[in-house]
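The structure appears right after this line, and notes come after that.
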Amino acid sequence: MARNPQLNKHGELQHLLTTEGLPRDVITRILDTAEPFTVVAEREVKKLPLLRGKSVFNLFFENSTRTRTTFEIAAKRLSADVINLNISTSSTNKGETLLDTVDNLAAMQADMFVVRHASSGAPYLIAQHLEATGRDHIHVINAGDGRHAHPTQGLLDVYTIRHYKRDFTQLSVAIVGDILHSRVARSQIHALTTLGVPDLRVIAPKTLLPGDLDRLGCRVFHDLKEGLRGVDVVMMLRLQNERMQGSLLPSPQEYFKFFGLTEEKLALAKPDAIVLHPGPMNRGVEIDSAVADGHQAVILPQVTFGIAVRMAVMAMLAGGNA
Amino acid sequence: MSLPDAERLLADLAAQMRPHVTPETGLIGLHTGGAWLAERLHALLGVSVPLGTLDVSFHRDDYAQRGLARDARASSIPFDVGGRPLILVDDVLHTGRTVRAALNELFDYGRPTRVELAVLIDRGGRQLPIAPTYCAARLELADNERVKLATDDGVLSLRLVQE
């Protein structure tokens, strides 16, 4: 069997590219490590020295202010120097290849790349290139690639679920919305399955579902009310207008009518069910304001936990290399 | 080698500290053994400031070599350290590197007026200019030996571990 490209020969995390195939003990260790990081923000000095002297390059080939900002905050709380490169407006426009860009930044003594790219597999390509050229002291974190994966989002979601629900092995979890275009959904599904969630449901119109969901161990629903019945956790996805090609949906209004989460529909879930959303939200499209601002929503805690989870991943990657 | 009785050492350490503990004094135990010890001292000395604990995992100087400790916990200092005398509490003082890390972390919480160090056992082998203010016993140990503190319902005991 081929070695998991994310793990080094000791089975420790070398890169974070996807939650698929990530061993359960590695996921659990990331979540455990994130916990003490959540309280750093309460101190007078909101910094830890773990990445002192390290250079973290945020390589964003696709715009995402929020994700980039949370990675930047995470790296800075660990005392790293952070360099943001918004490549959609930079050298690649002048014709430079992805790997040439990486080689140039590696020559500037980069220690870590946080990569967002519109093409699935770009972070893996970079990791493979670094390894093939003997630079395995440089670590790669996937911050979202195409429709493939967004592992830190998936991990912060399972962190949030664990915070409120503790035990994964008793949970019913529903993922609702645009599964087809969603790298977030894929990362959530792999993480939740690995952690032993026994009842994982996806709820979406047929046009927004990929064909491989049974293989991933999900039950598929096309009716929101039916799918939400008795669940402990509702994970909403953003309707990705910018990724819609052709007419997969009649209109946002009609989508809201059938798949928008309202208080009435949420009432079908367990009374203590929590609602997650990776942001940015389209209010009145996939989620009603009353739910987004309601007491079951844990959308803002997700953002706070996201910083701690990203700190944990960076701290686990950067240590123990000497 | 026979180890001293931990409960007797605890009583001795508390007696040394008692004249110097003021109503302002804060106790901070270092995870894990130091936290158990600090909990007992906190009760014995009747300290009114709530007990603090520090986990120095994120401040250790061997992070680059050994990576992050598996059992890192959140530090908890439930009082304002600024302008206050503090006593750091650890079970065994050896190289001094844990205390160095603790001092670094402590100052991220504020500026104490004074920091003292209380340990149950000083086993020598210092690699940094750090000395205990209060110390219940000094032991000579071989390089491959370690003394570990254990707790059973709060009752402390010591055992020798060969590595």
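Would you confirm whether any residue within segment A:253-275 is closer than 27 Å to A:Gln6 by Cβ, touching a strand residue (DSSP E or B) at 6+ places or on another chain (Cβ under 6 Å), more than 14 Å from chain B (Cβ to nearest Cβ) and touching a residue at least 40 places away in the same chain (Cβ under 8 Å)? No, every residue in segment A:253-275 fails to be closer than 27 Å to A:Gln6 by Cβ, touching a strand residue (DSSP E or B) at 6+ places or on another chain (Cβ under 6 Å), more than 14 Å from chain B (Cβ to nearest Cβ) and touching a residue at least 40 places away in the same chain (Cβ under 8 Å). Just to be sure I understand, how many residues within segment A:26-50 are within 10 Å of chain B (Cβ to nearest Cβ), over 23 Å from A:Gly196 (Cβ atoms) and not hydroxyl-bearing (Ser, Thr, Tyr)? So the answer is 13.
Here is a check on your reading of the model: is A:Leu248 modelled with pLDDT under 95 and either in a loop (DSSP other than H, G, I, E, B) or under 30 Å from A:His139 (Cα atoms) (or both)? Lay out the reasoning, then the answer.
Details: modelled with pLDDT under 95: yes; either in a loop (DSSP other than H, G, I, E, B) or under 30 Å from A:His139 (Cα atoms) (or both): yes.
Answer is yes for this residue.
Screening A:Asp81 on (1) surrounded by 19 or more Cβ atoms within 10 Å (Cβ to Cβ); (2) modelled with pLDDT of 95 or more; (3) of a type outside the set (A, V, I, L, M, F, W, C) shows it passes everything except condition (1).
Yes/no per residue for (1) of a type outside the set (A, V, I, L, M, F, W, C); (2) under 30 Å from A:Leu98 (Cα atoms):
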{"residue": "A:Val140", "(1), (2)": "no, yes"}
{"residue": "A:Leu171", "(1), (2)": "no, no"}
{"residue": "A:Arg183", "(1), (2)": "yes, yes"}
{"residue": "A:Leu216", "(1), (2)": "no, no"}
{"residue": "A:Leu224", "(1), (2)": "no, no"}
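Looking at (1) buried (at least 16 other Cβ atoms within 10 Å of the Cβ); (2) out of contact with any Leu (no Cβ under 8 Å at 6 or more places or on another chain); (3) closer than 24 Å to A:Asp232 by Cβ, can you tell me which one A:Glu131 breaks? Here A:Glu131 meets the rest and fails (3).
I'd like the full set of residues that are among the hydrophobic types (A, V, I, L, M, F, W, C) and either part of a loop (DSSP other than H, G, I, E, B) or within 12 Å of another protein chain (Cβ to nearest Cβ) (or both), limited to segment A:1-25. Before the answer, list the steps.
Restricting attention to segment A:1-25, the residues satisfying the condition of being among the hydrophobic types (A, V, I, L, M, F, W, C) are A:1-2, A:7, A:13, A:16-17, A:22.
Hits for segment A:1-25 are A:Met1, A:Ala2, A:Leu13, A:Leu17, A:Leu22.
Of the residues making up segment B:121-163, those that are closer than 19 Å to B:Asp55 by Cβ and touching a residue at least 60 places away in the same chain (Cβ under 8 Å) are B:Lys148, B:Leu149, B:Thr151. Looking across segment A:183-196, not a single residue is buried (at least 24 other Cβ atoms within 10 Å of the Cβ) and not in a helix (DSSP H, G or I).
So that you can scan it fast, the table gives a plain yes or no per residue for (1) more than 17 Å from A:His139 (Cβ to Cβ); (2) in a loop (DSSP other than H, G, I, E, B); (3) not assigned by TED's automatic domain parsing to the domain that holds A:Ser119:
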{"site": "A:Arg29", "(1), (2), (3)": "no, no, no"}
{"site": "A:Thr33", "(1), (2), (3)": "no, no, no"}
{"site": "A:Pro36", "(1), (2), (3)": "yes, no, no"}
{"site": "A:Val45", "(1), (2), (3)": "yes, yes, no"}
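The values are calculated or read from the model by the stated rules, or taken from the named source; none is laboratory data. Everything numeric in this text was worked out from a predicted model, so none of it was measured. As a convention, Cβ positions derive from the backbone with ideal geometry for all residues, glycine included, and neighbour counts pool all protein chains shown.
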